[in-house]
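Working notes, beginning with the structure itself.
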Amino acid sequence: MAEETHGGIVLRPYPKSRAGVRTVPLPGFLLAAFHELHTAADQPDPRTLVFRDRVGRPLRRSNFRRRVWLPSLVRAGLLGQVANTGPHRYRATWPDRDGVEWSAEFTTEREAIACVAGKAAGGMRFHDLRHAYATWLVTDGVPIILLQRVMGHEQASTTLNRYTHTPDDYAARVLAAFDRSAASLLPPTEEMPSDGAFDADGDDL
């Protein structure tokens, strides 16, 4: 675990709690990316940091946020906006802390993105990805006890109360669940017999 302090970054051989020692399932595309990153190193070493700077040192939070995270939010359309308004013309638009919108023109997209990343207020935190991950899994039906283990929490209440959030389409999901349950509980619809199916003298009783 990398712990950032005022004196620098200290690598700890253990996480914050026992629950932090865990196996996290990874999708195939991510495993392939890690493998490519590992084999691209001049001297592959199992102890090599996965997330590191250009010279192999641990990433500083402030540098990562300024150089990688915020520009990524701009490119994804989640922080300000950069629009191509003509040949070698890019318009950068961003809100300040008071909600006032500002704009400027640049000759390259890179300069426009850097401007928005440096001046725009708000934007997701990198840690918000952890909240989104937990909400995504629990919404898709992963049992909370399994999610607790993947997240590395000692208490399931921490996973539920702090890391999962209500999706925007919660009402539709609730109604869909009721529709599925009701369909299995209601008796099958039987067709009423025609008048000719009854015999006289009360044989239909």
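The values are calculated or read from the model by the stated rules, or taken from the named source; none is laboratory data. Remember, it's a predicted structure, so these values are computed and weren't measured experimentally. Quick reminder, even Gly has a Cβ in these numbers, built from the backbone with ideal geometry, and neighbours come from all protein chains shown. Protein only, heavy atoms only, side chains kept; ligands, DNA and RNA dropped before computing areas. Shrake-Rupley method; radii C 1.70, N 1.55, O 1.52, S 1.80 Å.
Examine region 100-117 for a residue that is among the aromatic types (Phe, Trp, Tyr), at pLDDT 95 or above and surrounded by 14 or more Cβ atoms within 10 Å (Cβ to Cβ), and state whether such a residue exists.
yes
List the number of the failed condition for Arg125; all other conditions in (1) without any contact (Cβ under 8 Å) to a residue 24 or more places away in the chain; (2) open to solvent by less than 70 Å² (accessible area, probe 1.4 Å) hold.
(2) is the only condition that Arg125 fails.
Each row is one residue, and each column tells you yes or no for (1) modelled with pLDDT of 90 or more; (2) farther than 23 Å from Thr23 by Cβ.
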| residue | (1), (2) |
| --- | --- |
| Gly122 | yes, yes |
| Phe126 | yes, no |
| Leu129 | yes, no |
| Trp136 | no, no |
| Val142 | no, no |
| Glu154 | no, no |
| Ser157 | no, no |
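So, in region 64-75, of the ones that are at pLDDT below 95, out of contact with any Gly (no Cβ under 8 Å at 6 or more places or on another chain) and open to solvent by 60 Å² or more (accessible area, probe 1.4 Å), which residue ends up nearest to Ala2 (Cα to Cα)?
Here the residue is Arg65.
For Gly196, which of the numbered conditions (1) within 30 Å of Thr93 (Cβ to Cβ); (2) at pLDDT below 90; (3) open to solvent by 40 Å² or more (accessible area, probe 1.4 Å) fails to hold?
(1)
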